[in-house]
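The values are calculated or read from the model by the stated rules, or taken from the named source; none is laboratory data. As the structure is a prediction and not an experimental result, all values here were calculated from the model. Neighbour counts are summed over all protein chains in view; Cβ atoms, including those assigned to glycine, are modelled from backbone coordinates with ideal geometry.
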Amino acid sequence: MSRTTSLLTLAAMALTARLAWRLGWHCARSAAASKRSGGIIRHASDAIISTNERQIILQANPAAAAMFGTTVQAMQGAPLQQYIPREQRQNNHNTFHYFGDTGIRLRMKGRRTSDYAVTGLKAGGQHFPLEGSISTLDEDGRRIYTIILRDITERKQVQEQLEQSYSQLRELSAALQTIREEERKHIARELHDDLGQLLATLRGDLALLQRHAAKDPAARKLQAGMDDLLMSAITSLRRIASNLRPRALDEGGLYFALQSLRHEFTARNNIACTLDANEEELILDDAYSTAIFRIVQEALTNIARHAEARKVALSLRRKDHVLHVRIHDDGRGIAEKDMDKASSFGLIGMRERVWGLHGDIAIVSDGGTRIVIRLPLPQTD
C-alpha cells in the first residue's frame, strides 16, 4: 500500500513538474513574442497607437510621439481626443465616430480594418492632416483598438498644388477659347466687310463692262468665265467666313444659328436632324451663345464623321436658370475606351467648353450616342 502511495506521489510530482515546465515554456514564448511585437511597434516608421474602449491611450510608439510633437510617456494614459482638434470632437465623446465622419464607415468588429482621413492636433496646437487605418482585437475580454497613422501633409500640399495647376490650366483653356473666338469673329468680319465688298464691286464693274462690251464672242465668253469665277470666289468667301463665325449668331441669335446649322448638316450629310427649342429661352449673352453653338457644332461634326446615324435629335430647354442640352443620335455609339482617348480632341473640346461655363456633361452610349449637358446660366436682374 505504501509502495503504491509512493508511486502515485512520484507520478503526481512528475506531472506537476512537466506542467510547470510547459507553462513556463509557454509563458517564455509568449513573453518573447510580446517582446518581439513590442520591438516591431517601437521601430515602425508609421505612428501606432493602442487604446481601450474608453479611448485612453495604452501604448504609443516613438513615431506617434514624434508625429504629435510630444513623448511616448506623455501620450500613454492620455485620452485620444487630446490629439483631435476641439472643434471636431464629438459631443458624445466617442472619438471613433470622428473617424466615421470622413464618409467612410468603420466596421469595429473582428479584425476588419478601414481607412480614414482626419485632422490631427500636435502638442503645440498645430493642425495637420492624417491618414491611416483602425482595427480592433479582443484581449482577455477587453476590446483593444489599434490605430496606424500617417502624416499626409506633404501629399496634401502636392494635391493642392496639382488642383491649383489644374484650375489655372482650365482658366487658361477658357481664355484661349475666348481669344480664338474673338479672332475668328474679327477675321470673319474682315473677310465679309473688306474682301467681300471688293469682290462684289468687281463683279458689278464686270457686269457694266459686259453691257458695253463689243460683240466679240471670245470677249463675251471670257467675261462670262470671269463672272463665274467671281461668283465662286464670293460663295467660298461666305462659306469660310461662316465657318469662322456664323453671321446668324450675331444677326439672329443662338436659336437661328442652330436652325441654320441644322439645315446645313442635313443638306450636307443627308441625315435627318430635329431641333426642340424655344427662341425666347435661348436669348443669352455672346459667351454662352458661342460656347453652346460650338458644342452642338462639334457634336454634329462627330456624328457625321463617326456615328453612321440616320437621324439626330437636338433639345435645348431652360429651367430655373439652368440650360439642359441633349444631343441624341441613332448611330453605332461610342466605345467606352474612346471617350477618354488623348486623341479625341472633339470630345475634349466639348468638355472644356462645358467645364469652362461651370457645367456638367455626360456621354452615354445606348443604342447610339446621347450627350447630356447641364449649364448654369447667369442670373439677370
Please tell me if I147 is more than 28 Å from E298 (Cβ to Cβ) and touching a Pro at 6+ places or on another chain (Cβ under 6 Å). no
Have a look at D194, D228 and point out the one that is modelled with pLDDT of 75 or more and assigned to a helix (DSSP H, G or I). D228
Of those in segment 303-347 that are among the aliphatic types (A, V, I, L, M) and surrounded by fewer than 19 Cβ atoms within 10 Å (Cβ to Cβ), the residue modelled with the lowest pLDDT is A342
Looking at R326, R332, R374, R294 in this structure, which one is in the same structural domain as I271 (by TED's automatic domain parsing), basic (K, R), in contact with an Asp or Glu (Cβ under 6 Å, 6 or more places away or on another chain) and within 25 Å of G253 (Cβ to Cβ)? R374
Evaluate segment 126-139: report whether one residue or more is buried (at least 17 other Cβ atoms within 10 Å of the Cβ), over 34 Å from the mean Cα position of the chain (by Cα) and modelled with pLDDT of 80 or more. yes
Does segment 285-297 contain at least one residue that is more than 23 Å from R370 (Cα to Cα), buried (at least 18 other Cβ atoms within 10 Å of the Cβ) and touching a Leu at 6+ places or on another chain (Cβ under 6 Å)? no
List pairs: first residue in segment 52-79 and within 21 Å of E154 (Cβ to Cβ), second residue among the aromatic types (F, W, Y) and at pLDDT below 90 anywhere in the structure, Cβ distance under 7 angstrom, at least six positions apart or on different chains. F68/Y83
Across segment 37-53, which residue is modelled with the lowest pLDDT among those that are within 15 Å of G132 (Cβ to Cβ) and part of a loop (DSSP other than H, G, I, E, B)? A44
Within segment 156-195, track down each residue that is of a type in the set (K, R) and more than 16 Å from G349 (Cα to Cα). K156, R184, K185, R189
Select from segment 243-253 the residues that are in a helix (DSSP H, G or I) and under 14 Å from D193 (Cβ atoms) and list them in ascending order. L244, R247, D250, E251
For D285, which of the numbered conditions (1) assigned by TED's automatic domain parsing to the domain that holds I327; (2) under 28 Å from A307 (Cβ atoms) fails to hold? (2)
From the options F256, F265, residue that is closer than 20 Å to L347 by Cα, part of a helix (DSSP H, G or I) and not assigned by TED's automatic domain parsing to the domain that holds Q177: F265
Identify the single condition in (1) of a type in the set (S, T, Y); (2) surrounded by 15 or more Cβ atoms within 10 Å (Cβ to Cβ); (3) at pLDDT below 80 that Y166 does not satisfy, given that it satisfies every other one. (2)
Can you tell me how many residues within segment 54-71 are in a loop (DSSP other than H, G, I, E, B) and closer than 11 Å to A123 by Cβ? 4
Contacts under 6 angstrom Cβ, first residue in segment 241-262 being under 15 Å from T274 (Cα atoms), partner of a type in the set (A, V, I, L, M, F, W, C) and in a helix (DSSP H, G or I), 6 or more apart: Y255/L282; F256/A248; A257/A248; A257/L249; A257/F293; S260/A248
